[in-house]
Amino acid sequence: MPSRSETPGARRPVTPWGMDTVELDSPAAQVLADEAGIIADLQFVMECCKRLLTELAEADEDRDGVVPLALWSAAVVGYGRCFTTGKRFGLRTADVKALPLHGAVLKFHQWVLAEGRKLTAHPASPFEAAKVGAALSGDGARVEGIAVLSASRVLVDSVGVRQLGGLASELAKQIADRAREHQDAALADAEQLGAESLAKLPVLQSGPPSS
């Protein structure tokens, strides 16, 4: 039998028919993998928004101030990941414009991306993160001390959270439709290669490689 590259101890994905799943690296497979990653990011955004709504429903005195901010930050950054370019294809503004949604959808989308950049980029000025001031006496005749005022991070209300979750949901549906087409194209590529050629490809791993 042809040799197959695999890591000892790694689990080998098996189809319902008991056959190995081998790695496919065709153009359609690359696009499909990118779309699967985007859908996973959007699902993460939706889950963060869902849990954040539960947190926001708590009374202010019972709410943990860190958890809502962490969930919102994670959702915003995860959403922004879907629109990054480079080795992944990513989403575009046109994808948002094509959604069957009404209202200031594009404006909200652009605001979320801007908030995500603020969370991940190093500030251009140190005064973006905090302001430093001199505290003067009541008569203004002397300096009493130094005050440091940290910039507060934005945490939207439940309406904004629902908007982001709904936007992520609609984008996920849109990408899922495309993914089905590319899945068919990847299948056609695999059939064209043939079973004999495919059997020589590395077997996919479904778990982390063992040491």
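The values are calculated or read from the model by the stated rules, or taken from the named source; none is laboratory data. Predicted model, so just to flag it, every value in this text is computed and none were measured. Using ideal geometry, Cβ is built from the backbone for each residue, glycine included, and neighbour counts are taken over all protein chains shown.
Scanning the range 31-46 for residues that are free of Cβ contacts under 8 Å to residues at least 60 places away in the same chain and under 11 Å from the mean Cα position of the chain (by Cα), we see that the one that is farthest from His182 (Cα to Cα) is Phe44. The number of residues in the range 92-114 that are within 15 Å of Cys82 (Cβ to Cβ) and either modelled with pLDDT under 90 or exposed (fewer than 11 other Cβ atoms within 10 Å of the Cβ) (or both) comes to 1. If you check Ala75, Ala104 for being small (Gly, Ala, Ser), out of contact with any strand residue (DSSP E or B) (no Cβ under 8 Å at 6 or more places or on another chain) and more than 22 Å from Arg51 (Cα to Cα), only one passes: Ala104. Annotation note: Cβ proximity below 7 Å between a residue of the range 73-84 that is free of Cβ contacts under 8 Å to residues at least 24 places away in the same chain and a residue that is outside any helix (DSSP H, G or I) (sequence gap 6+ or interchain) occurs for Thr84/Gly90. Consider the range 3-41 and keep the residues that are at pLDDT below 50 and aliphatic (A, V, I, L, M). The one that is farthest from Gly194 (Cα to Cα) is Ala10.
Determine whether Val132 is of a type in the set (A, V, I, L, M, F, W, C) and either surrounded by 11 or more Cβ atoms within 10 Å (Cβ to Cβ) or touching a residue at least 40 places away in the same chain (Cβ under 8 Å) (or both). No, not satisfied.
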